Structure formats: C-alpha cells, structure tokens
Amino acid sequence: MAPSRFLLGVVVAAASISGAGGQAPTFAVALAGWNAVVVDARPVNAGGVLLESFISYSIELAFFPDFAGNLSSPNAFSNTLLENIKEFSGTKPYIRVGGNTQDYAIYDPSLEVATEGIVDPAKSPDYPTTLSIGPSFFESYSTWPDTKFIHGFNLGRNSTAARESLIASVPLACKALSGGKLLYWELGNEPDLFKTSSQGPVRPSNWTEADYVAEWNSVTADIRAAMQKSNPDFASSSNFKWIAPSFGGVGNSLKAVPTWQDGLDTSGSIALFSSHNYIAGATQPGITLQGTLLNHTATTISVAKHNLEARNLTGAGMRLPYILGETNSLYNQGAPGLSNSFGAALWNVDFALYCAATGIARVHMHMGTDYRYAAWQPLTTVKTQIGTKPPYYGNVAVAAALGDLTRGRGVRVGSLPLGDGVTAAGYAVYDGEVLVRVMVVDLKGWNYTIGTHPPRPETVYAFKLPTGCKGVGVVQRLMANGSDAVEAVTFNGRSYDYEREKGRPVVIGGVARDEVVWVGEDGGVSVVLPWSSAALVQLSC
C-alpha cells in the first residue's frame, strides 16, 4: 500500500499489544481535521550536544556495596542492567557514589565490614546518619567491568578527626579507581543545605558562599597533596578532575553564581558544573501522579530553573557543561505507588529528554536500597524484593531514543509541542545534522487497578517530518497495563525483570515490538498511543 499525500502513517504490520501492554490500540483512525506537528529536518531548535552516558546513575554511598557487591560476591544483576543500557548508548552509565551519606561517611581502617551505620528515624528512616566505611568498601569499585565512577568525599563533617579520616581514605580510593575506572571526584553533597539541613545543620548560619569556596579549595588541595604522596598519577592535571558544587538545587542558602564568582574553580580542576533536582517532595500535600509526574508542565517548570541558572552562570564566565549529578522524582526517596509506578517510568522519559532538549548535558538518576524511586532493588531486604522497577524501563527507553553517544557526530534533542502541553510530550532526536528518531509520551493517567475497566482510551499523534524521511519507520513502545502498574512493564516487547532472566532482555509473546509504520511522501506520519504509554519512532531520513 503506497501512502497517499498526508496519509498519516497507518501501521501495516504489528504484533498485538495485548497482555502486559494492556488493550491493543485501534489503528484504523479518521484522518480528517488533523493538526500535524512540524519536525525540523535539522537541529535548529535543539539543545546542545549530549555527553556520553547521558543516562547515568547516582548511588547512595551507604548502599553502594549492596548495588555492586564485592570481589567475592559481585552483584551480577546490577551489572546486567547496566550492560543493557550500554547496548543502546555505547557505554555503561557512569556511576556517582555519593548522596547524603557521603557527608556522614567516616573511614575506619579497622572496620572488618564494608559499612556500619546507625539509622536514626527522627532524622531519616531510609539511610544511616552515623556511618563508618572500612577498607573493603572500596572493593565494590572492582565488580562492574568497563564502568567509570565518581567517588564522593565527605565535606559535611569538618572536625579534625573527620578530615584526617578523609585524607586516610585517599590512597584506597585511588587504588580502587585505578586502571581507567575513575571519571571524576566530588567533595560534599548539597553544601547549599549545610546550614539548613533537616537532618541537622553542619555549618553556622553565617556561613557564606566565600566560606564554602575557601573550604572546598583548601580540602581539595589537601587531597591532591595526599595523592602526590601515594598515587602521583591521580594528582596530575588530567586526572585531578571534579564535579562541583553539587548544590541541592536552585534558591537554597548558597547561590551558584556568587559561588562561581568567589573562585570555586581557581585551580581549573572542575570538569562539570553539577546541581541536583527533584520535581517535588514525597510527603508534600496533594502529590498525585497526574498532577506531578504525569505533568509535562511541572517538568518544564522544574527544569527551567536550572536552565536559568546555567544562563546566569554563563553570564558570570562559567564555560563548563551543566549536569544534574543527582536527580529523581520525589525527594525523601520517593513515594510508594507514585515513584515506583509505571507513571514514574513515563516521567523518567519526559524529564530526561526535556533536560537534553534544554542544554543539560547528563543526568544521574539517584537510588539506594529500598528507595521507592530506585530503578532497581539490588537485593532482597525485609522491606523490598530484589527486582527491576518501572523507572528502569524509562531509562532504557531514553537510552534507545538517544542511541549510541560514542559515534562522535553529536546527538541533540529538540522538544516538540504536543496536545495541551501538559498531558503529552514529544521529542526529536538528531544524530549530527540528521533526524533519526521521534519520541512521543502520553501522560494521561490510566489507573487499571481502580474500578471497572472500560476500553483504554487512545490518542493519535500526527507529525509532518522532512520529506527525506518518507518510507518505512519502526515503532517501539514503552507499555504497561496502566500508569499505576508496578510490574509487567515492557519496552519494545521485552522484559528486563529479575524474575525472568535476572535482568537480561526477554521477548514477551503477544506484546508488540518493532511495528512498521509508513511515512507519507510529504513526511506525514501518525502514531496511536494508549493513554499512559510512550512510543519511539525509528526513522530513515
């Protein structure tokens, strides 16, 4: 069947989307009165070129041994999930080892276990606020082949004993990250909250940006001196690289521009400007999937604060790539039923691609053991079974959308206006100057676990692509039974669940994969999406 002019992409070959993906969409649709979104042939309105491993992770330092294991018992499940993403992106996700417990960790050379901590529920029920790490902690850096890490040092504890323990840990960190495993270093997690932390302030109320900068420069100089004694290669200008300032966000008690102007990078050792972001808080009143995560406007407002911060920093002379070194859905480790749902997977896609489209060069999705928003649970605890969680599927879909970032032509993403601008999002992906993919995310909530089950509604999304894209496209879907689903998720008909093949991709019968769609002679194409789903359209432009 040859497509007529503006015959907006009727699917001609597809497996059923029933089963784990829910009700199959109807592909015979009326074509009258459509308003197709025009997609540029070249990335004229796209964000900047993305860094390798755009989808990366941040792991709470106290739980890093859970995720990675040790030399005698490496965590193969975690490694498999990282390898899955490498199949799309060309490199494994980079791993930042840090978070709040980074600034509680005191190195104890006599400790016979990797970590020993005390959880104080009044401060946090989710992680220890008193924490020691032993020599075996550093074994965890050797369990995942071909993986690069950011190791976080403790800035929060500034007693003489704490600083001595930090310096004592430097040779172990260098040895563990030798052989090409080091990406960068980090000193301090969210120092802009040191004066106001809900776990207890660790700096006086009159601590300023200049005070922080002086302290950061002093401690990093001490670390470099320690490296020069024990591991001189790490003290070289090429290896002595940091992400900073790792602020908790914008608008906190320390501000980014004054911090930069006060000389944060006088040594020239900072490689990336890192900030953190969460859309909202897990316990804030009125938090819902539809109003918070399944809401493109909420995402744009949140990311726009960083876009403004980046512009202001550029105006102040900062020329480094701007990354989110820690981010996820709802701070305080997420909310059950929200952060671990399929809706959060869709949010992951929208959030990451919107970041990419607005100049944020990499995102590190944060997680820890038993964290509700984690991409996976690395082992079974009294709270949580080992397993792959819905957000991981969103990460896979983003990696597939961006493709191999190692090819050197420069991948860029542009945002496409869809629907009401709230319950849908679209993105165009360019490899160099060529349009290669379009991602469509339907954010209209579909709660399959509540009430009766009428036919799942669908929305048709129409696009006017460059005429050079005419011919055959391939649709790959991110699907589950509904936005409130916490299991039975697939991407392009594949499951990555632990229960099937311990995280290796498994083709699920009866779930659509690699559907063929026609792109008209004039570039017209449409995709039918069930509510609460996403579709990646692979093009040949």
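The values are calculated or read from the model by the stated rules, or taken from the named source; none is laboratory data. Fair warning: this is a prediction, and the values are worked out from it, not measured in the lab. Positions of Cβ are backbone-derived with ideal geometry, glycine not excepted, and every protein chain shown enters the neighbour counts. Note: accessible area is taken over every heavy atom of the protein model, side chains too, but ligands, DNA and RNA are not part of it. Shrake-Rupley method; radii C 1.70, N 1.55, O 1.52, S 1.80 Å.
For the chain, the dipole from Cβ point charges (+1 on Lys and Arg, -1 on Asp and Glu) about the Cα centre works out to 820 debye, to the nearest 20.
Charge dipole of segment 191-299 (Cα centre as origin; +1 on each Lys and Arg Cβ, -1 on each Asp and Glu Cβ, all else neutral): 160 debye, rounded to the nearest 20.
3J(HN,Hα) couplings calculated from phi for segment 207-215 with the Karplus curve 6.51 cos²θ - 1.76 cosθ + 1.60 (θ = phi - 60°) are, in sequence order, 6, 10, 4, 5, 5, 4, 4, 4, 5 Hz; Gly and Pro show x. Here r is the Cβ-Cβ distance between Ala76 and Leu51 and R0 is 25 Å; the resulting FRET efficiency, rounded to 0.05, is 0.35. Only protein atoms count toward the accessible area here, which uses a 1.4 Å probe; on the chain, the carbon and sulfur part of that area reaches 52 percent.
Its Kirkwood hydrodynamic radius, worked out from the mean inverse distance over all distinct Cα pairs, puts segment 43-187 at 16.1 Å.
Placing unit charges on the Cβ atoms of the charged side chains and taking the dipole of the chain about its Cα centre, the candidate lying farthest along the positive direction among Pro201, Val303, Val429 is Val429. For the pair Ser198 and Thr314, a Förster radius of 41 Å applied to the C-beta separation gives a FRET efficiency near 0.80, rounded to the nearest 0.05.
Of all DSSP beta bridges confined to the chain, the antiparallel ones make up roughly 55%.
Count the net charge of all other residues whose Cβ sits under 11 Å from the Cβ of Ile243, scoring Lys and Arg as +1 and Asp and Glu as -1.
Details: positive: Arg96, Lys241, Arg362; negative: Glu186, Glu326.
Counting the neighbours of Ile243, the net charge comes to +1.
Cβ under 10 Å from Thr381's Cβ, Thr381 left aside: what net charge do those residues give with Lys, Arg +1 and Asp, Glu -1?
Every neighbour counted, the sum reads -1.
What number, in percent, do you get for the relative contact order of the chain if the mean sequence gap of Cα pairs under 8 Å and at least 6 apart is divided by its residue count? Worked out over the chain, it gives 22 percent. Residue by residue, segment 138-153 carries 3J(HN,Hα) couplings of 6, 4, 5, 6, 10, 9, 10, x, 6, 10, 10, 10, 10, 9, x, 8 Hz when phi is fed to the Karplus relation 6.51 cos²θ - 1.76 cosθ + 1.60 (θ = phi - 60°); x denotes Gly or Pro.
For the chain, the extents of the C-alpha atoms along the principal axes are 75, 50, 45 Å, listed from largest to smallest. Computed on segment 71-209, with alpha-carbon pairs under 8 angstrom and 6+ residues apart, the relative contact order is 26 percent.
Using a 4.7 Å Cβ-Cβ cutoff, the cysteines of the chain lacking any partner cysteine are Cys174, Cys355. When the helices of the chain are scored as -39500 (n - 2.57) per DSSP H run of n ≥ 4 and the total is divided over every residue, the value at 222 nm lands at -7000 deg cm²/dmol.
With unit charges on the beta carbons (Lys and Arg positive, Asp and Glu negative) and the dipole taken about the Cα centre of segment 354-449, which residue among Tyr373, Trp446, Gly403 sits farthest to the positive side? Farthest towards the positive end: Tyr373.
In order along segment 183-195, phi translates into HN-Hα couplings of 9, 8, 10, 9, 10, x, 10, 6, x, 5, 10, 4, 7 Hz, rounded to whole numbers, per the Karplus curve 6.51 cos²θ - 1.76 cosθ + 1.60 with θ = phi - 60° and x for Gly and Pro. For segment 446-490 and segment 367-433, compute the distance between their C-alpha centroids and round to whole Å. After rounding, the separation between the Cα centres reads 16 Å.
Averaged over its residues, the chain has an accessible area of 36 Å² per residue, based on protein heavy atoms and a 1.4 Å probe. For segment 386-541, the relative contact order comes to 30 percent (Cα pairs under 8 Å, sequence separation of at least 6). Placing dummy labels 7 Å off each Cα toward the beta-carbon, the span from Ala122 to Thr288 is 3.7 nm. Local charge sum around Val170 (other residues, Cβ-Cβ under 14 Å, Lys/Arg +1, Asp/Glu -1)? Summing Lys/Arg as +1 and Asp/Glu as -1 gives 0. Relative to the longest principal axis of the Cα atoms of the chain, the long axis of helix 390-402 makes an angle of roughly 70 degrees. Set the Förster distance to 22 Å, then compute FRET efficiency between Gln228 and Ala161 from the Cβ-Cβ distance, nearest 0.05. The pair Gln228/Ala161 has a calculated efficiency of 0.45.
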